[in-house]
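Beneath this line is the structure, given in structure tokens, with notes to follow.
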Amino acid sequence: QVRLMESGGGLVQTGESLKLSCAASGSITSINRMGWYRQTPGKQRELVAVITSGGYIDYADSVKGRFTISKDNAKNTGYLQMNSLKPIDAAVYYCNAEGTYQSGPYFLSFNDWGQGTQVIVSS
């Protein structure tokens, strides 16, 4: 089984920065895709940024130029550096990862979510 744990959320003022982390644990053999999503009450969860093992990176238009997604393959950890934060960025941020893990003699696929980390941006 695979577990994702986000951290790094908190309360900041407009214009400040935060760096979110998503640590994946378990007998992971590969992470093929990792995405950061965010959700506010009453709204659908939206994709913020995505990175793949092949080097593809993409961002929501609303965060381009301010957020940077990255990952450390050796640590099975992804990051979302968020700069110039705005009140509209306030949300619960979730990471999602897809990949493979080993269970006994088998290699299985996973697609899991973390529990979320709250980001609050005061104006």
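The values are calculated or read from the model by the stated rules, or taken from the named source; none is laboratory data. Owing to the predicted nature of the structure, the values given are computational and were not obtained by experimental measurement. Ligands, DNA and RNA are stripped out before the accessible areas are found, and what is left, the full protein with its side chains, is counted by its heavy atoms. Shrake-Rupley method; radii C 1.70, N 1.55, O 1.52, S 1.80 Å.
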Reported set for the range 110-123 where residues are more than 23 Å from N83 (Cα to Cα) and open to solvent by 100 Å² or more (accessible area, probe 1.4 Å) is W113
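Every residue, every condition in (1) modelled with pLDDT of 95 or more; (2) under 10 Å from the mean Cα position of the chain (by Cα); (3) open to solvent by 50 Å² or more (accessible area, probe 1.4 Å), yes or no:
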residue	(1), (2), (3)
S7	yes, yes, yes
G10	yes, no, no
T14	yes, no, yes
N32	yes, no, yes
S62	yes, no, yes
I69	yes, yes, no
E98	yes, no, yes
F107	yes, no, yes
Reported set for the range 1-49 where residues are in a strand (DSSP E or B) and of a type in the set (S, T, N, Q) is S7, Q13, S21, S25, T29, S30, N32, Q39
